[in-house]
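Take a look at the structure below.
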Amino acid sequence: MEDELNDLLVQARENISDNVDKQNAETYLFVLEESLKEVVKLKDLTDEFIDVRNKAIKNLYDLGYSAIQLAEITNLTRQMVHNIVKNI
């Protein structure tokens, strides 16, 4: 009888552990899905602001700012400024 009770207790603990693991997995999956949605939103927003930055760089270059000046202002390399200006 005592062995049967111990077996039932072990089985109950295993069931509880399995349920907790399943709940944790569901929670982690939900968190992962939500964080991926936010990452996509951030990427879209970043792309939008990169376009704005690039247009400003092109306009300032057209107004006579040098690639060196723009590189210093934007913390980009001169090569990157040239690539932006030339649409590379």
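The values are calculated or read from the model by the stated rules, or taken from the named source; none is laboratory data. Keep in mind that this is a model prediction, so the values were computed, not measured. Cβ: placed from backbone, ideal geometry, glycine included. Neighbour counts: every protein chain shown. Accessible surface is based on the protein model in full, side chains and every heavy atom, while ligands, DNA and RNA are left aside. Shrake-Rupley method; radii C 1.70, N 1.55, O 1.52, S 1.80 Å.
Which log10 I(q)/I(0) values does the chain give at q = 0.15, 0.16, 0.18, 0.22 Å⁻¹ under the Debye formula, counting every alpha carbon as one identical point scatterer? Here log10 of I(q) over I(0) equals -0.72, -0.76, -0.83, -0.99.
Charge dipole (Cα centre; +1 on Lys/Arg Cβ, -1 on Asp/Glu Cβ; no other charges) of the chain amounts to roughly 1440 debye. Spin-label pair Lys55-Lys86: with each label point 7 Å from Cα along the Cα-Cβ axis, the two points sit 2.4 nm from one another. The residues of the chain expose on average 86 square angstrom of accessible surface per residue, using a 1.4 Å probe on protein heavy atoms. Between the alpha-carbon centres of segment 68-88 and segment 5-56 there is a gap of 38 Å.
Of the solvent-accessible surface of the chain, computed with a 1.4 Å probe over protein heavy atoms with every protein chain present, carbon and sulfur atoms account for 57 percent. Lys/Arg Cβ at +1, Asp/Glu Cβ at -1, dipole of the chain taken about the Cα centre: which of Gln69, Asn83, Val52 is farthest positive-ward? Comparing the listed Cα positions along the dipole, Gln69 ranks first.
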